[in-house]
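*Asks:* Okay, handing you the structure first.
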Protein chains: 2
Amino acid sequence: MNLKNVETKIAFDGEQRKYSHFSEALQCDMTFSIYLPTNNEKKEIPLIWWLSGLTCTDDNFSQKSGFQRLAEIHQVAVIIPDTSPRGEAVADDAAYDLGQGAGFYVDATEQPWSEHYKMYTYITEELAEIASTLVPRFSGKESIMGHSMGGHGALVIGMKNAQRFKAISAFSPILSPSQVPWGIKAFSTYLGKDKATWLEWDATELVKTTHAPPILISQGTQDSFYPEQLEETAFLKNAKENNQLVEYTKNAGYDHSYFFISTFLDDHFAFHMKNLK
Amino acid sequence: MNLKNVETKIAFDGEQRKYSHFSEALQCDMTFSIYLPTNNEKKEIPLIWWLSGLTCTDDNFSQKSGFQRLAEIHQVAVIIPDTSPRGEAVADDAAYDLGQGAGFYVDATEQPWSEHYKMYTYITEELAEIASTLVPRFSGKESIMGHSMGGHGALVIGMKNAQRFKAISAFSPILSPSQVPWGIKAFSTYLGKDKATWLEWDATELVKTTHAPPILISQGTQDSFYPEQLEETAFLKNAKENNQLVEYTKNAGYDHSYFFISTFLDDHFAFHMKNLK
């Protein structure tokens, strides 16, 4: 493993670290961030995954959410992957919602994307392996959260690995990617025209049959992408029919920004920690 | 007054607003941000000024510090000016530490800078007038804080208006601008070669004679600009000789970034609120 610690900053007494490495899964150089609370060598701590939205890198959540305060209070490590493979050799698109910065957390099957766009495998296998070496006394307990495209990613990864993750939460997630413009564009590009192949990457489909850990979802009422991209009706209906525990809250006045995330992150951390004990 | 509300976002239940206006003092269009906590129409609230560092706009503190959580808890309005006049017609320099983004909170006397670079007058008079109209039930009590160049600004503005501001605090401030590279470059450009004119803009000089409100200063030990740009010895010596109350803390491991600010902002807000009651 070719792991380079490119930066370590102290925040709320813990360490906000940035690493770069060559990813075998993605066949390119990648960067990610991880926060380790104080005392991380003295006691066992769990790990929360944060998946970011379209156009983001690992920096957005690190710099704008204020999560380090909560990670330190709750004594939990937090890992923040990038949102796609990167680099000049990696296929891209001029649009903000396709290509680099828009990996959608799937394993692409279509050319030219399938060469690098394997974010699902990268996160669930390769980066998970790396993370376990970086948290000195990892309790083995993990949960996953994300925003927008990353909310979709958290739900899909969490439900496809329902035994592994102890809690799933999302801010303003794309809940039905097969039905909304962002998802249709990405899935038809990365997965091809056969919509049957899309279903295993669609939270609204997965929630029909999975017995997943508890799910918490927060949505702002003034989100300019709601409901067009973030429609929840079918997801909630399917969850209910499958007796899947979902708490879905609509928050008056809030938009799609990090102001929304930072406001309700406290609730999300409390929810995760309850399930990570 | 030609004031335009260009954005309002909800954060921690309060309102994070952005305004643009034509500034008479600066002779250009300016943008600033202000946070109003909930209940701001029901009870009297004080106002904290935040002055940002080199290269910043009003967005850095708004998006990276997480201050809204504290402003809401303490029920205080916070106003965040830009760091210089702006626009194509405004004198500039290619360097990051001179010209636009680097106003140093002085009133320039040298051409071509004196035409627009009147940040001291802009903040203490014009923007103060505007702020008083935006806080519905302003208690009349103000305090001031800032970071780096903005820490210098907070100290100088606070001490030059010692009756008006109830508390002054700074993260990693330029304490002796007349003696360090950033300050010498800016002052010789904006104020001219006669160093006697620099003294009224130098906190280390002002603290010799002013009876200012309590001052709190936080400095990180791993700050790459410390001590070269941020040397504190002369300031602390002069403050002590003048019986000026200064609490100066060095914080192990912290650097010059917003990770440092966000970690200790809680302490700074508590300090300000104690003096704003």
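The values are calculated or read from the model by the stated rules, or taken from the named source; none is laboratory data. What you see is a predicted model, and the numbers here were worked out from it, not measured in a lab. With ideal geometry, Cβ positions are generated from the backbone for all residues, glycine too; neighbour counts draw on all protein chains shown. Just so you know, the surface numbers come from the protein's heavy atoms only, side chains and all, with ligands and any DNA or RNA stripped out. Shrake-Rupley method; radii C 1.70, N 1.55, O 1.52, S 1.80 Å.
*Asks:* Using a Gaussian network model of chain B whose springs link C-alpha atoms within less than 10 Å, name the residue from B:Met30, B:Met119, B:Met149 with the highest mean-square fluctuation.
*Replies:* Most flexible of the set in this elastic network: B:Met30.
*Asks:* OK, next. If you average the sequence gap of Cα pairs under 8 Å that are 6 or more apart and divide by the length of the stretch A:1-151, what percent do you get for the contact order? Walk me through the numbers on the way to the answer.
*Replies:* Numbers: 324 pairs, mean separation 42.5, N = 151.
So the answer I get is 28 percent.
*Asks:* Now for a separate question. Over the stretch B:166-277, what per residue volume does the convex hull of the Cα atoms give, in whole Å³?
*Replies:* Working: hull volume 11.8 nm³, N = 112.
Dividing the Cα hull volume of the stretch B:166-277 by its residues yields 105 Å³.
*Asks:* Report the local net charge at B:Ala131: Lys and Arg +1, Asp and Glu -1, summed over other residues whose C-beta lies under 12 Å from its C-beta. List each step's numbers first, then the result.
*Replies:* Numbers: positive: B:Arg17; negative: B:Glu125, B:Glu126, B:Glu129, B:Glu142.
Charge balance in the 12 Å sphere: -3.
*Asks:* Select from the stretch B:1-47 those trypsin sites (Lys or Arg not before Pro) which occupy a DSSP coil region and have at most 16 other Cβ atoms within 10 Å, ordered by residue number. Provide the component values of the computation, followed by the final result.
*Replies:* Details: sites: B:Lys4, B:Lys9, B:Arg17, B:Lys18, B:Lys42, B:Lys43; in loops: B:Lys42, B:Lys43.
Here the sparse-neighbourhood loop sites are B:Lys42, B:Lys43.
*Asks:* Quickly work out the B:Lys277-to-A:Thr121 label distance, labels modelled 7 Å from Cα along the C-beta direction, and quote it in nm with one decimal.
*Replies:* 6.2 nm
*Asks:* Any chance you could check the stretch A:58-103 for residues losing 20 Å² or more of accessible area when the partner protein chains are in, compared with the chain on its own (1.4 Å probe)?
*Replies:* Those residues are A:Gln63, A:Lys64, A:Arg69.
*Asks:* Then there's this: List the trypsin sites (Lys or Arg not before Pro) within the stretch B:150-258 that fall in a DSSP loop (any state other than H, G, I, E or B) and whose Cβ has at most 13 other Cβ atoms within 10 Å. Spell out each step's value before the answer.
*Replies:* Working: sites: B:Lys160, B:Arg164, B:Lys166, B:Lys185, B:Lys193, B:Lys195, B:Lys208, B:Lys237, B:Lys240, B:Lys250; in loops: B:Arg164, B:Lys193, B:Lys208.
Sites meeting the loop and neighbour criteria: B:Lys193.
*Asks:* Then there's this: According to the square roots a ≥ b ≥ c of the eigenvalues of the Cα gyration tensor, what is the shape class of the stretch B:233-277, taking rounded for a/c under 1.5, prolate for a/b larger than b/c otherwise, and oblate for the remainder?
*Replies:* Values: a/c = 3.48, a/b = 1.25, b/c = 2.78.
Oblate, because a/c is 1.5 or more while a/b does not exceed b/c.
*Asks:* With the solvent-accessible surface defined on protein heavy atoms using a 1.4 Å probe, which residues belonging to the stretch A:1-47 display a reduction of at least 30 Å² in accessible area in the multichain context relative to the isolated chain?
*Replies:* Buried by the other chains: A:Lys9, A:Ile10, A:Phe12.
*Asks:* How many percent of the accessible area of the stretch A:1-143 is carbon or sulfur, using a 1.4 Å probe?
*Replies:* Numbers: 2360 of 5450 Å².
After summing per-atom areas, the C and S share lands at 43 percent.
*Asks:* Name the most mobile residue of A:Glu44, A:Glu241, A:Glu15, meaning the one with the largest mean-square fluctuation, in a Gaussian network model of chain A with Cα contacts below 10 Å.
*Replies:* Result for chain A, Cα springs under 10 Å: A:Glu241 fluctuates most.
*Asks:* What accessible area, summed over both chains, is buried at the B-A interface (1.4 Å probe, Å², nearest 100)?
*Replies:* Details: alone 11320 and 11340 Å², together 20910 Å².
Chain pair B/A: roughly 1800 Å² of buried accessible area.
*Asks:* In percent, what relative contact order does chain B have, based on Cα pairs under 8 Å that are 6 or more apart in sequence? Before the final figure, lay out each step's value.
*Replies:* Details: 624 pairs, mean separation 46.1, N = 277.
Relative contact order for chain B comes out at 17 percent.
*Asks:* Threshold 50 Å², probe 1.4 Å: give the residues of the stretch A:244-269, in number order, that are less accessible with all protein chains present than with their chain alone.
*Replies:* Buried by 50 Å² or more upon assembly, which counts only protein chains, are A:Tyr254, A:Phe259.
*Asks:* Considering amide H positions built from the backbone, and no H for Pro or chain starts, which residues 5 or more places from B:Lys141, or on another chain, come under 5 Å of its amide H?
*Replies:* The answer is B:Leu47.
*Asks:* For chain B, what is the accessible area per residue in Å², given a 1.4 Å probe and the full set of protein chains?
*Replies:* Working: 10440 Å² over 277 residues.
Heavy-atom accessible area per residue stands at 38 Å².
*Asks:* Let me ask something additional. Tell me, what ³J(HN,Hα) does each residue in the stretch B:180-189 have, in order and in whole Hz, if you take phi through Karplus 6.51 cos²θ - 1.76 cosθ + 1.60 with θ = phi - 60° and put x for Gly and Pro?
*Replies:* 3J(HN,Hα) across the stretch B:180-189, in whole Hz: 10, x, 4, x, 4, 4, 5, 5, 5, 7.
*Asks:* Structure shown: which of A:Lys185/B:Lys4; B:Lys118/B:Lys208; B:Lys9/B:Lys208; A:Lys141/A:Lys237; A:Lys185/A:Lys274 lie over 31 Å apart, alpha-carbon to alpha-carbon? Walk me through the numbers before you get to the answer.
*Replies:* Numbers: A:Lys185/B:Lys4 37 Å; B:Lys118/B:Lys208 25 Å; B:Lys9/B:Lys208 43 Å; A:Lys141/A:Lys237 29 Å; A:Lys185/A:Lys274 37 Å.
Beyond 31 Å: A:Lys185/B:Lys4; B:Lys9/B:Lys208; A:Lys185/A:Lys274.
*Asks:* Still on this structure, I have one more. Quick check on the stretch A:1-137: what does the Kirkwood estimate of hydrodynamic radius come out to from the alpha carbon pairs, in Å? Numbers along the way, then the final one.
*Replies:* Numbers: mean 1/r = 0.0653 Å⁻¹.
Computed over the stretch A:1-137, the radius equals 15.3 Å.
*Asks:* Turning to a different aspect of this structure: Show me, for the stretch B:266-273, the HN-Hα J-couplings you get by feeding each phi into the Karplus relation (A = 6.51, B = -1.76, C = 1.60, θ = phi - 60°), rounded to Hz, glycine and proline as x.
*Replies:* Once rounded to whole Hz, the list reads 4, 4, 5, 4, 4, 4, 5, 5.
*Asks:* Follow-up. Just how large is the dipole of the stretch B:120-204 about the Cα centre, in debye to the nearest 20, putting +1 at every Lys and Arg Cβ and -1 at every Asp and Glu Cβ? Write out the running numbers ahead of the final one.
*Replies:* Values: 8 positive and 7 negative charges, 38 e Å.
With Lys and Arg at +1 and Asp and Glu at -1, about 180 debye.
*Asks:* Rounded to whole Hz and in sequence order, give me ³J(HN,Hα) for the stretch B:231-247 from the Karplus expression 6.51 cos²θ - 1.76 cosθ + 1.60, θ = phi - 60°, writing x for Gly and Pro.
*Replies:* 3, 10, 4, 5, 4, 5, 5, 5, 4, 4, 5, 9, 6, 8, 5, 9, 9
*Asks:* Specify the inter-centroid distance of the stretch A:159-208 and the stretch B:131-205, based on alpha-carbon positions, in whole Å.
*Replies:* The two parts, judged by their Cα centres, are 52 Å apart.
*Asks:* Projected onto the charge dipole of the stretch A:3-276 (+1 at Lys/Arg Cβ, -1 at Asp/Glu Cβ, origin at the Cα centre), which of A:Gly146, A:Gln75, A:Gln16 gives the Cα projection farthest towards the positive end?
*Replies:* Comparing the listed Cα positions along the dipole, A:Gln75 ranks first.
*Asks:* In nm, what does the list of distances from A:Asp194 to its counterparts in the other copies look like, shortest first, when each label sits 7 Å along Cα to Cβ?
*Replies:* Inter-copy label distances (nm, one decimal, shortest first): 8.4.
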